[in-house]
Amino acid sequence: MTDLKQYLEMTTMMVLATKDSEGNPYTANVYFGYNPDNYSCYFISRLTREHSKQIIENEAIAWSIINTQQSWPRDSDKKWLQFQWIARVLEWDESRQIFEEFYLPRINFQGLPEWHHVFECKPTQVKIWDENLYGGDGKLIKF
């Protein structure tokens, strides 16, 4: 399998996409950490946030991360990932462990506030856009 770590290390932020019960899309910007062994990703949020409520209703989500240093229009700089995931809210004890192991080392945060929960996202597929390696069509990986 392609090593995704180089792409996941490009940034600490992602654009998260969810949808409500009527199918209306919603996006949110969140910081993320990840497990380099299986590419599960993690973000923290309050359960009262719109995207959190939508994930609780519908676990299928998408997100995108980009190389924020790219200089359009040079194709060689175009690098980004587009993921599809299955997401879930972790229980408090598991949230604290995941937060300390995978989130805190990447994000300078003062600890997990009691009003936040960790969301775990397990990938189902990813599209890699790296014009140097995969040309204009990118590369699709299914998990």
Self-check item: J(HN,Hα) series, region 100-116, from Karplus relation 6.51 cos²θ - 1.76 cosθ + 1.60, nearest Hz, glycine and proline x
Solution: 5, 7, 10, 9, 4, x, 9, 10, 6, 10, 7, x, 7, x, 4, 8, 10
Quiz item: To the nearest Å, what is the center-to-center distance of region 97-143 and region 1-67, using C-alpha atoms only?
Solution: 7 Å
Practice problem: For region 5-142, compute the number of Lys pairs whose alpha carbons are separated by less than 26 Å, excluding pairs fewer than 8 positions apart on the same chain. | Solution: 25
Exercise. Taking only Cα atoms and a 10 Å spring cutoff, compute GNM fluctuations for the chain and point out the largest among Ala62, Ala28, Ala87.
Key: Ala28
Quiz item: With +1 on each Lys and Arg Cβ and -1 on each Asp and Glu Cβ, how big is the dipole of region 5-142 about its Cα centre, in debye rounded to the nearest 20?
Solution: 320 debye
Self-check item: Relative contact order (percent, whole number), region 5-142, Cα cutoff 8 Å, 6+ residue spacing
Solution: 26 percent
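Each reported figure results from applying straightforward, stated rules to the coordinates on display, with no laboratory input. Remember, predicted model here, so these are calculated numbers, not experimental data. Counting neighbours? That spans all protein chains shown, and the Cβs are built from the backbone with ideal geometry, glycine included.
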